[in-house]
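Colleague: Have a look at this one.
The values are calculated or read from the model by the stated rules, or taken from the named source; none is laboratory data. This is a predicted model, so every value here is computed, not measured. Cβ sites come from the backbone with ideal geometry, for glycine too, and all protein chains shown count toward neighbours.
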Amino acid sequence: MIEREVEIINETGLHTRPGNQFVKLAKTFPCDIIVRRGETEFSAKSLLKLMKVGVSKGDHITIVCDGEKENEAIDALSNFLANLTE
């Protein structure tokens, strides 16, 4: 299991379009992927849960990957968020 903290730098946060892209990317990996924001945890593979939590610019989230291809998953998801400009 590995985890990494990421700051959301996108002006509009993870609204529907980039949130959907994030979830689609997460679903390409076989490992379990959890996102933590404060005390809240949810599956990175659920757009509904991501939208319910509401991740905004300046929020710090922790991505936790556990299982097969966890290193590739955490790198891909972290890079996606770091380069999100929409």
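Colleague: Could you please give the count of residues in segment 8-40 that are closer than 10 Å to Thr62 by Cα, modelled with pLDDT of 95 or more and of a type in the set (D, E, K, R)? Show your work before the answer.
Modeller: Residues of segment 8-40 that are closer than 10 Å to Thr62 by Cα, as a first pass: 34-38.
Okay, now just the ones that are also modelled with pLDDT of 95 or more, so 34-36.
Then keep just the ones that are of a type in the set (D, E, K, R); that gives 36.
Number of matching residues: 1.
Colleague: Okay, next question. Go through the residues of segment 57-77 one by one and say whether even a single one is in contact with an Asp or Glu (Cβ under 7 Å, 6 or more places away or on another chain), under 20 Å from Met1 (Cβ atoms) and of a type in the set (Gly, Ala, Ser).
Modeller: yes
Colleague: With segment 1-80 as the region, which strands (runs of 3 or more DSSP E) entirely inside it contain at least 3 residues that are surrounded by 16 or more Cβ atoms within 10 Å (Cβ to Cβ)?
Modeller: On the way: elements: 2-7, 32-37, 40-43, 60-66.
Qualifying strands (runs of 3 or more DSSP E): 32-37, 60-66.
Results for (1) within 21 Å of Asp75 (Cβ to Cβ); (2) in contact with a Cys (Cβ under 9 Å, 6 or more places away or on another chain), shown as yes or no for each residue.
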| site | (1), (2) |
| --- | --- |
| Glu5 | yes, no |
| Gly13 | no, no |
| Gln21 | yes, no |
| Lys27 | yes, no |
| Pro30 | yes, no |
| Ile33 | yes, yes |
| Arg36 | yes, no |
| Leu47 | no, no |
| Met51 | no, no |
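Colleague: Quick one: Glu41 ticks every box in (1) among the acidic types (Asp, Glu); (2) touching a Gly at 6+ places or on another chain (Cβ under 9 Å); (3) without any contact (Cβ under 8 Å) to a residue 24 or more places away in the chain bar one, so which box is it?
Modeller: Only one criterion is unmet by Glu41, namely (2).
Colleague: Find the residue count for segment 66-86, including only residues that are closer than 12 Å to Leu25 by Cβ and touching a strand residue (DSSP E or B) at 6+ places or on another chain (Cβ under 8 Å).
Modeller: 5
Colleague: Sticking with this one: Only residues that are out of contact with any helix residue (DSSP H, G or I) (no Cβ under 8 Å at 6 or more places or on another chain) and either under 11 Å from Val55 (Cα atoms) or not charged (D, E, K, R) (or both): list them for segment 16-27, please. Steps first, answer last, please.
Modeller: First, the residues of segment 16-27 that are out of contact with any helix residue (DSSP H, G or I) (no Cβ under 8 Å at 6 or more places or on another chain): 17-18, 24, 27.
Hit for segment 16-27 is Pro18, nothing else.
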